[in-house]
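Peer 1: Shown below is the structure under consideration.
The values are calculated or read from the model by the stated rules, or taken from the named source; none is laboratory data. Computed from a predicted structure; not experimentally measured. Methodologically, a virtual Cβ is constructed for each residue, glycine included, from the backbone with ideal geometry; neighbour enumeration extends over all protein chains shown. Side chains included, ligands, DNA and RNA excluded: accessible areas come from the protein's heavy atoms. Shrake-Rupley method; radii C 1.70, N 1.55, O 1.52, S 1.80 Å.
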Amino acid sequence: MSTPSGRKNAHDYKARLVWDGNLGEGTSTYTGYGRKYRVQFDGKPDLPGSADPIFRGDANVYNPEDLFVASLSSCHLLSYLALCARSKINVIAYEDDASGTMLLKPDGSGAFESVTLRPNVTIAPGGDEKRAFELHETAHDMCFIAASVSIPVLHEPRIKIAGAEATETKATQKSTESEVRP
């Protein structure tokens, strides 16, 4: 939940993180502590997390890498739906098979090299398929999370008109690298 920061047009977001991985001896050894944690937000359920299994984490809960890709995907969704509503394009279904690629360095550090969003959008009959496709680029520009990252966020949207026989439009993979913020 955002709170006013006292500055015009500024919103503050807060999260509390609690590590639940002390198995009795803290971090006295690399293999001797758990990676589980909870993220707490005022008025919302806790979000359980852990490291990715490749870093000795629990595969059954969210990891930061999952949440990073999900943040980009969900921000794009919300920006896109708002643009469609304002453009009188009735979206009746939306799914995204988003993925990200992270590269590890020999020293154990690493970074994402890119994230690809693959939204599959169904619009109501009579909707402007071409405009619905074009709004993905505008949604990228408006997405707060995409505007905050320094990696390319790629898009491969598909637009389908409900009830139409396989009338999908598929973009070639389009990089937004020219719009990447340093």
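Peer 1: Could we say that Val69 is in contact with a Ser or Thr (Cβ under 8 Å, 6 or more places away or on another chain), open to solvent by less than 60 Å² (accessible area, probe 1.4 Å), under 30 Å from Glu134 (Cα atoms) and not small (Gly, Ala, Ser) here? Full working, then the answer.
Peer 2: Numbers: in contact with a Ser or Thr (Cβ under 8 Å, 6 or more places away or on another chain): yes; open to solvent by less than 60 Å² (accessible area, probe 1.4 Å): yes; under 30 Å from Glu134 (Cα atoms): yes; not small (Gly, Ala, Ser): yes.
Judged against the criteria, Val69 is a match.
Peer 1: Run down Ser114, Ser87, Ser79 and say which single residue is open to solvent by less than 60 Å² (accessible area, probe 1.4 Å) and within 30 Å of Ile54 (Cβ to Cβ).
Peer 2: Details: Ser87 fails: within 30 Å of Ile54 (Cβ to Cβ); Ser79 fails: within 30 Å of Ile54 (Cβ to Cβ).
Checking each option against the conditions leaves just Ser114.
Here is a yes/no grid of residues against (1) more than 25 Å from Val115 (Cα to Cα); (2) of a type outside the set (Lys, Arg):
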site	(1), (2)
Lys8	yes, no
Tyr13	no, yes
Asp20	yes, yes
Glu25	yes, yes
Ser28	yes, yes
Gly32	yes, yes
Asp52	no, yes
Ala59	no, yes
Asp66	no, yes
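Peer 1: Of the conditions (1) free of Cβ contacts under 8 Å to residues at least 60 places away in the same chain; (2) touching a strand residue (DSSP E or B) at 6+ places or on another chain (Cβ under 9 Å), Ala146 fails just one. Which one is it?
Peer 2: (1)
Peer 1: Still on this model: Are any of the residues in the range 10-24 open to solvent by less than 90 Å² (accessible area, probe 1.4 Å) and acidic (Asp, Glu)?
Peer 2: yes
Peer 1: Now a separate question. Looking at Leu17 and the list (1) within 26 Å of Leu135 (Cα to Cα); (2) of a type outside the set (Lys, Arg); (3) out of contact with any helix residue (DSSP H, G or I) (no Cβ under 8 Å at 6 or more places or on another chain), which single condition is not satisfied?
Peer 2: (1)
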